[in-house]
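Working notes, structure below.
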Amino acid sequence: MTDSCVWLASVCDSDLESPNSQPQQTPAETHRHCLLEQQFEGARITAGETVSCRDCGDHLHEGRPISVRACRYSDEPAYTIAAIYCAGCAPTDLTETAHGRDDGLLEGDLGLAMAGQTHWTILVEPTIVATS
Ligand SMILES: [Zn+2]
């Protein structure tokens with residue numbers, strides 16, 4: 001079984017060095033982006049079936065594209081969702097950054113989760129747009 005472990009490790013190594021990886025990102029940055037996207041896959045946004053755009057107040061339903069601004073203060077273990085925007089209001093870059101705080105901008109789709117009679121909105125298939 002040791003042989004197959006070595007083989008798997010070598011496959012992973014060659015993946016990291018493949019020409020398809022984005023040259024402007026270091027492996028550490030790519031890893032951080034993957035972790036962020038994993039953290040927000042299926043993340044709960046608000047209770048209820050809709051969420052309001054922070055800028056225009058439009059009610060967004062399941063299946064709508066949304067942008068999410070997330071932040072994490074240096075003493076916090078995980079990012080929290082700070083604001084939701086509709087596709088029309090979505091910022092293209094982080095403008096409200098602050099010292100001692102990591103900001104992230106993600107876009108994805110609005111999903112709906114339910115348990116019994118309770119609904120809540122979730123983030124589906126998030127991708128990183130920008131990080132501070
Ligand atoms: Zn809007």
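The values are calculated or read from the model by the stated rules, or taken from the named source; none is laboratory data. For clarity, every value in this text was computed on a predicted model and none was experimentally measured. Virtual Cβ from ideal backbone geometry, glycine too; neighbours counted across all protein chains shown. Heavy atoms of the whole protein, side chains included, go into the accessibility calculation; ligands, DNA and RNA do not. Shrake-Rupley method; radii C 1.70, N 1.55, O 1.52, S 1.80 Å.
Counted residue by residue at 0.36 nm each, then reduced by the alpha carbon distance between them, the extension gain from His59 to Thr118 reaches 19.4 nm.
Figure legend: label point modelled 7 angstrom from the Cα of Ser132 along Cα→Cβ; residues of the range 49-83 with amide N under 14 Å from it are 69-76, 79-83. For the range 81-130, carbon and sulfur atoms together expose 48% of the accessible surface, with a 1.4 angstrom probe and every protein chain in place.
Calculated accessible area for the range 44-132 comes out at 54 Å² per residue, all protein chains present (probe 1.4 Å; ligands, DNA, RNA ignored).
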